[in-house]
């Protein structure tokens, strides 16, 4: 039975899209930049084997990848691997994604610029901002309703306010990111 690729596997494809890396190098990227994902060898190396079995990565040509230790085997994306990565990055933001898969949306954004280009990245940010703005408005509405009937210092209500303000800040960030990309010449 063929399983769908995991978000972890897509994150590895995105990491390899910048340059060939060994499993050890992928683990270092996850340890320093993608703390949301495990950098455990028991996670990374099986994922690399699955990606290689799917034909999405392959060992890099000799001299590529810059692994100092000759026992480290750098991998690079194949054409099929790049195609899979781009298909994942270009997925439209579906209803519910902002509520249920926000970390994956931010991960996709991380790899967009060099893989799907400016216009698709700008479209993604427009859709993300719209989704975040709508979610923040709904959260604010619910917070205002609950706040009227809850005790003044009910910590659950204050936690709701944290969610509202976090989502509003993320929507502002999406707007700022969009503006910064737009102001750069294409």
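Laboratory data are not the source of any read-out in this text; all were calculated from the coordinates shown. Computed from a predicted structure; not experimentally measured. Heads up, the Cβs are rebuilt from the backbone with ideal geometry, glycines too, and the neighbour counts pull from every protein chain shown.
Points to keep in mind about this one:
- Residue in the range 166-173 that is farther than 22 Å from residue 133 by Cβ and out of contact with any helix residue (DSSP H, G or I) (no Cβ under 6 Å at 6 or more places or on another chain) present: no
- Residue within the range 143-166 that is surrounded by 13 or more Cβ atoms within 10 Å (Cβ to Cβ) and under 16 Å from residue 124 (Cβ atoms) present: no
- Qualifying residue in the range 118-141 (condition: closer than 30 Å to residue 53 by Cβ, without any contact (Cβ under 8 Å) to a residue 60 or more places away in the chain and surrounded by fewer than 17 Cβ atoms within 10 Å (Cβ to Cβ)): yes
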